[in-house]
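Written below as structure tokens is the structure these notes are about.
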Amino acid sequence: MRTPRSSPRWPRNSAGSSATSSGRRPPRARPPRNVLCLSGGGSFGAFSAGVLVGWTERGDRPCFDVVTGIGTGGLIAPFAFLGPKSDAQRECFNTTIRDKDISKKAFVKGLFGADAFTDTAALRKLIGGVLTPETMADIADAHRAGRRLYVGTTEEEGKRFVLWSLGAMACRNGPGDRDLMIDAIVGSASVPGFFPSSKIDVNVDGVCHTERHIDGGVSQGLFFHPPYVPPDQRTPQALNLVDTNVWVILAGKLYADSEVITPSALTQAGKSVSTMIYAQTRGDLQRLWTYSLLSGMSYHCVAIPQEHPAPVSSGEFKPEVMRPLFAEGRRLIGTSNAWRTTPPGVDKSQGETIQERWARDLTFQQRGPQLPIPRAKGSPIPPRYPSPAPLSIPAEAHER
């Protein structure tokens, strides 16, 4: 099965030419490069893991030049970076763990001044068991070969996104570097309030400071980093991003499923934050798509299908929740239309277009895939997405 192509190729100037005056493309100076971006998404990361395993089984999974991860994507990133040989370990990691394997409840401490309602010592131990000396050596070898592995965190007090190069740490392999890698990965997945921040000591101009790092998803849902080019090879042609494939695996849906919300202050606030996170991720995807279009890269994105009955919450780490998500990712990547090459908000068949209204009287029209809508007592109600009954704006509306 051939890898799909997307973004049109635009003629470049002489500094980074990708087309001659006759319209023919010049001989390619280097093979296409591949960048993998893994989003956050809690237990929905099982879907991302399923995509990677299914991609291997499909037979056309590339060796990634760059892998970036945030949140649960940061936990998967080292596996994805090391290639298919880590597939079995990744499947086990993302389909068998439970809440108790990553955190321990600490509600009393949270109520009396602690920075979270759980303790993540179990998650730290779990990551430490995966990040063995052999794994670090493999990451270091790949880094020396020019490949790059990054995870993202948010520095809580500075309120800035921080990018951590795990490969550089593995290469240095000095005292404390393995612990620093674990700190960065744990911090990337530390949802503020639920999980404690990852405390990282840094020296600034000889003065020691302790930073608190939390989920990178607080700053952005995913991030792109260009492939590495050695300093002595940094010519305009070498730095050109044309023919770079950007692969985005979204651990979640593009749009949150509809649900009946209990009219309470805390519930409404929580659901609004969830809606904002979905919108932020779509904005990140739209920016990455635009950047890919302008720089001549090929953009590809895969997400949980809107019609798939995924759980409402991504905070439940249970095998019975994650196995179906893993299986869906594995199934989806084996289809011919798994990769999307358009940005969010343009696919009418998925009901992504904005609803425009000009009256109270509405007529039901199906907009994209339909799922039963859960409500408080667990009994679903038929899905209904209202849209205006008339198809043209009444004349009197123009006169106001």
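Only one residue in S274, S292 is among the polar types (S, T, N, Q) and at pLDDT 95 or above, so which one is that?
S292
Inspect all residues belonging to segment 308-322 and state whether any of them is at pLDDT 90 or above, within 25 Å of T68 (Cβ to Cβ), assigned to a helix (DSSP H, G or I) and open to solvent by less than 60 Å² (accessible area, probe 1.4 Å).
Scanning segment 308-322, I find at least one residue that is at pLDDT 90 or above, within 25 Å of T68 (Cβ to Cβ), assigned to a helix (DSSP H, G or I) and open to solvent by less than 60 Å² (accessible area, probe 1.4 Å), so the answer is yes.
Just a yes or no: is a residue in segment 316-326 closer than 16 Å to W247 by Cα and touching a residue at least 40 places away in the same chain (Cβ under 8 Å)?
No, segment 316-326 contains no residue that is closer than 16 Å to W247 by Cα and touching a residue at least 40 places away in the same chain (Cβ under 8 Å).
Inside segment 69-102, can you point out the residues that are touching a helix residue (DSSP H, G or I) at 6+ places or on another chain (Cβ under 7 Å), β-branched (V, I, T) and in contact (Cβ under 8 Å) with a residue 40 or more places away in the chain?
Passing the criteria: I70, T72, T95, T96, I102.
Before we move on, is S39 surrounded by 24 or more Cβ atoms within 10 Å (Cβ to Cβ) and among the hydroxyl-bearing types (S, T, Y)?
Taking the combined requirement at face value, the residue satisfies it.
Just to be sure I understand, how many residues within segment 196-212 are acidic (D, E) and open to solvent by 70 Å² or more (accessible area, probe 1.4 Å)?
Residues that pass the stated criteria total 2.
Applying the selection to segment 193-210, what residues are on the phi < 0 side of the Ramachandran plot and touching a residue at least 40 places away in the same chain (Cβ under 8 Å)?
F194, F195, P196, S197, S198
Would you tally the residues in segment 39-75 being at negative phi and part of a loop (DSSP other than H, G, I, E, B)?
Qualifying residue count for the region: 8.
Residue by residue through segment 257-306, note down the ones that are assigned to a loop (DSSP other than H, G, I, E, B), closer than 28 Å to P324 by Cα and open to solvent by less than 50 Å² (accessible area, probe 1.4 Å).
S258, A303, I304, P305, Q306
Select the helices (runs of 4 or more DSSP H) contained entirely in segment 76-195, then report the ones holding at least 2 residues which are open to solvent by less than 40 Å² (accessible area, probe 1.4 Å) and hydrophobic (A, V, I, L, M, F, W, C).
Working: elements: 87-96, 99-102, 107-111, 121-130, 133-144, 166-172, 177-188.
Result: 121-130, 133-144, 166-172, 177-188.
Would you please list the contacts, defined by Cβ atoms under 8 Å and residues six or more apart or on different chains, that run from a residue in segment 160-182 that is without any contact (Cβ under 8 Å) to a residue 40 or more places away in the chain to a residue that is loosely packed, with under 14 Cβ neighbours inside 10 Å and of a type outside the set (F, W, Y)?
If the second residue must be loosely packed, with under 14 Cβ neighbours inside 10 Å and of a type outside the set (F, W, Y), the pairs left are A170/A137; C171/R144.
Quick check: is even one residue across segment 213-235 surrounded by 18 or more Cβ atoms within 10 Å (Cβ to Cβ), farther than 23 Å from A46 by Cα and either touching a Gly at 6+ places or on another chain (Cβ under 7 Å) or among the charged types (D, E, K, R) (or both)?
yes
Quickly run through segment 213-263 and pick out the residues that are more than 20 Å from Y291 (Cβ to Cβ), touching a residue at least 24 places away in the same chain (Cβ under 8 Å) and among the β-branched types (V, I, T).
I214, V218, V260, T262
Those residues that are under 24 Å from E134 (Cβ atoms), surrounded by 23 or more Cβ atoms within 10 Å (Cβ to Cβ) and not hydrophobic (A, V, I, L, M, F, W, C), I need them from segment 49-75; list them, please.
Hits for segment 49-75 are T68, G69, T72, G73, G74.
Spot the failing condition for I214; the list is (1) of a type in the set (A, V, I, L, M); (2) part of a helix (DSSP H, G or I); (3) more than 17 Å from A251 (Cβ to Cβ), and only one is missed.
The single condition I214 does not satisfy is (2).
The values are calculated or read from the model by the stated rules, or taken from the named source; none is laboratory data. Note that the structure is a prediction, hence the values are computed from the model and not measured. Using ideal geometry, Cβ is built from the backbone for each residue, glycine included, and neighbour counts are taken over all protein chains shown. Accessible surface is based on the protein model in full, side chains and every heavy atom, while ligands, DNA and RNA are left aside. Shrake-Rupley method; radii C 1.70, N 1.55, O 1.52, S 1.80 Å.
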